[in-house]
1. Report the extension gain between residue 158 and residue 85 in nm, rounded to one decimal, defined as 0.36 nm multiplied by the number of residues separating them, less their alpha carbon distance.
2. I need the fraction of alpha carbon pairs in segment 79-135 separated by more than 19 Å, rounded to a whole percent.
3. Can you pull the semi-axes for segment 49-107, root of five times each eigenvalue of the Cα gyration tensor, sorted largest first, whole Å?
4. Once you place label points 7 Å from the Cα toward the Cβ at residue 174 and residue 52, how far apart are they in nm?
5. Set the Förster radius R0 to 41 Å, insert the Cβ-Cβ distance between residue 166 and residue 68 as r into 1/(1 + (r/R0)^6), and round the FRET efficiency to 0.05.
6. Let me have the relative contact order for segment 56-177, percent, based on Cα pairs under 8 Å that are six or more residues apart.
7. Given the Cα atoms of segment 56-177, and with Rh set as the inverse mean 1/r over their pairs in the Kirkwood sense, what is Rg to Rh to two decimals?
């Protein structure tokens, strides 16, 4: 097996990428602490650990903060960690929310097609989770699991996807690409 000796690896030998990233998740040079090219005011951002284990309430709060701060790529990493470390019955919720965060990342990076695809796919996955969970006794918490306002977040994702499809990315204010995830936030 040919392994790149310069590639970051964890103790088990799995590839990792410890390079600093800008606020939208794009890798920067290893020694780069300067502003990211083409992204005004964005410099290297602290990484979310690859092995993060996080509970639902903490994941929702951190993802909300990152989304509101205009860091949807990093929110995606938190939501992905929640799906990987959480119970199987919540997998579609966290995966769908992570896909929406990636859709917002694509929109901020100027990739309209990728944004619409991931925003729609993520919203569909979350709705599928809600439909399945809605038939269970704890259905009352579907609108705000872990303090999240899922209907408002899905409405924001749907709205952004529709506006991109109709008018492209140019007319969408950055604030609309930073929806909150928590209820009352």
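1. In short, 23.5 nm is gained.
2. Working: 469 of 1596 pairs.
Of all Cα-Cα pairs in segment 79-135, 29 percent lie more than 19 Å apart.
3. On the way: eigenvalues 60, 29, 17 Å².
Over the Cα atoms of segment 49-107, the semi-axes work out to 17, 12, 9 Å.
4. That separation, rounded to one decimal, is 2.2 nm.
5. Step by step, r from the Cβ atoms, then E = 0.95.
6. The value is 22 percent.
7. On the Cα set of segment 56-177, Rg over Rh gives 0.97.
Just so you know, all these numbers are worked out from the coordinates, no wet-lab data involved. Since this is a predicted model, take the numbers as computed values, not measurements. As a convention, Cβ positions derive from the backbone with ideal geometry for all residues, glycine included, and neighbour counts pool all protein chains shown.
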